[in-house]
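The values are calculated or read from the model by the stated rules, or taken from the named source; none is laboratory data. Here the structure is a predicted model, which means the values were calculated and not measured. When we count neighbours, we look across all protein chains shown, and the Cβ atoms used for this are built from the backbone with ideal geometry, even at glycine.
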Amino acid sequence: MTTAHDEATAAASGASATERFKSDKLLGVENTPPERVSALAREVLEAVHSTIRKHKVTYDEYNALKAWLISVGEDGEWPLFLDVWVEHVVEEVATEHREGNKGTIEGPYYVPDAPEQGSNGAVPMRENEPGTPLTWNGKVTSTDGSALAGAKVELWHADADGFYSQFAPNLPEWNLRGSFTTDAEGNFEIRTVRPAPYQIPTDGACGKLIAAAGWHAWRPAHLHVKVSAPGHELLTAQLYFPGDEHNDDDIASAVKPELMLDPKPVSGGEAIDYSFVLDPA
Ligand SMILES: [Fe+2]
């Protein structure tokens, strides 16, 4: 049996993620002092050196590493590799001062400028979109408790087969991607469907590492969000569903207890209630 996603490949998904990332990311660090660049580069290299000494890495292993690193680039998987195995620590350091909501990693599949759906609406989806319908009510407030009217809640997530629009073929451009704006009381209501757990692409370089190391490639089901309001820090988060077998061993190490939803069965689907507290910038 074939599905709409048969042509989903690591190379296609990776090329898409790499293309999106090739923008002006270097501009944000153009004034970094050489001392900091030197310290970061030197300490990363020293960690590599000590791993080689500790494990007596052979020339065959060193050459395999070179070949593998080349294939990560050829498969367009640098965004995937870094977001799965490195970003969670960057996120932890960047947000440790916050008093408001916990966030987590962005991952490689965010696309800005999703269609605006107001304070109460559905994400764009196909007619008869597969998956349990989900109605999400929430509120955005500041750390002092005041409601944030006009806050933006951007939502993107995988479909019930575990695929993202714009990264897997045969899905409408903005499928399951929407941008919502809170009302005068800071409230929003979003209608979507429950996403499925998914494996990160396994047919490219990252998949080769996973297979060679005997790891698994699963991420638990999650909703991705970015929540923003003037004068406040941007919150990037993912929300998870209780009972998912990969909540405890997410390959991207991105699950936190504060990000767990509590879905309640309602007629025609499930209801969730999850609100956000933003830190003033
Ligand atoms: Fe995701």
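Looking only at residues of region 152-165 that are within 12 Å of the ligand (Cβ to nearest atom) and hydrophobic (A, V, I, L, M, F, W, C), we find that the one that is nearest to residue 230 (Cα to Cα) is 155. Residues that are assigned to a strand (DSSP E or B) and more than 16 Å from the ligand (Cβ to nearest atom) within region 121-146 comprise 121, 122, 133, 135, 136, 137, 138, 139, 140, 141, 142, listed in sequence order.
Condition check: in contact (Cβ under 8 Å) with a residue 60 or more places away in the chain and surrounded by fewer than 18 Cβ atoms within 10 Å (Cβ to Cβ). Does residue 182 satisfy that? Criteria not met by residue 182. Of the strands (runs of 3 or more DSSP E) lying entirely inside region 204-281, those carrying at least 1 residues that are of a type outside the set (Asp, Glu) and surrounded by 18 or more Cβ atoms within 10 Å (Cβ to Cβ) are 222-228, 235-240, 269-273, 276-278. Count of region 236-248 residues, restricted to those that are more than 16 Å from the ligand (Cβ to nearest atom) and in contact (Cβ under 8 Å) with a residue 12 or more places away in the chain, is 2. Looking at residue 223, is it within 16 Å of the chain's Cα centre (by Cα) and more than 20 Å from residue 252 (Cα to Cα)? It is false that residue 223 is within 16 Å of the chain's Cα centre (by Cα) and more than 20 Å from residue 252 (Cα to Cα).
Just one residue in the set 168, 149, 196 is in contact (Cβ under 8 Å) with a residue 24 or more places away in the chain, assigned to a loop (DSSP other than H, G, I, E, B) and away from the ligand (no atom under 16 Å from the Cβ); that residue is 149. Within region 26-48, being closer than 25 Å to residue 65 by Cβ and either in contact with a Pro (Cβ under 8 Å, 6 or more places away or on another chain) or charged (D, E, K, R) (or both) holds for 42, 43, 46. Residues in region 74-94 that are assigned to a helix (DSSP H, G or I) and free of Cβ contacts under 8 Å to residues at least 24 places away in the same chain: 82, 89, 90, 92, 93, 94. In this entry, residue 39 is excluded by the filter for residues that are assigned to a helix (DSSP H, G or I) and at pLDDT below 95. Would you pick out the residues in region 199-221 that are more than 13 Å from the ligand (Cβ to nearest atom) and either in contact with a Gly (Cβ under 7 Å, 6 or more places away or on another chain) or under 18 Å from residue 155 (Cα atoms) (or both)? The one that is more than 13 Å from the ligand (Cβ to nearest atom) and either in contact with a Gly (Cβ under 7 Å, 6 or more places away or on another chain) or under 18 Å from residue 155 (Cα atoms) (or both): 204. Would you check if residue 23 is surrounded by fewer than 11 Cβ atoms within 10 Å (Cβ to Cβ), among the small types (Gly, Ala, Ser) and at pLDDT 95 or above? When the stated conditions are applied, residue 23 does not pass them. Between 154, 185, the distinction of being acidic (Asp, Glu), modelled with pLDDT of 95 or more and not in a strand (DSSP E or B) belongs to 185 only. Candidates are the residues of region 181-213 that are of a type in the set (A, V, I, L, M, F, W, C) and in contact with a Leu (Cβ under 7 Å, 6 or more places away or on another chain); the one that is nearest to residue 107 (Cα to Cα) is 200.
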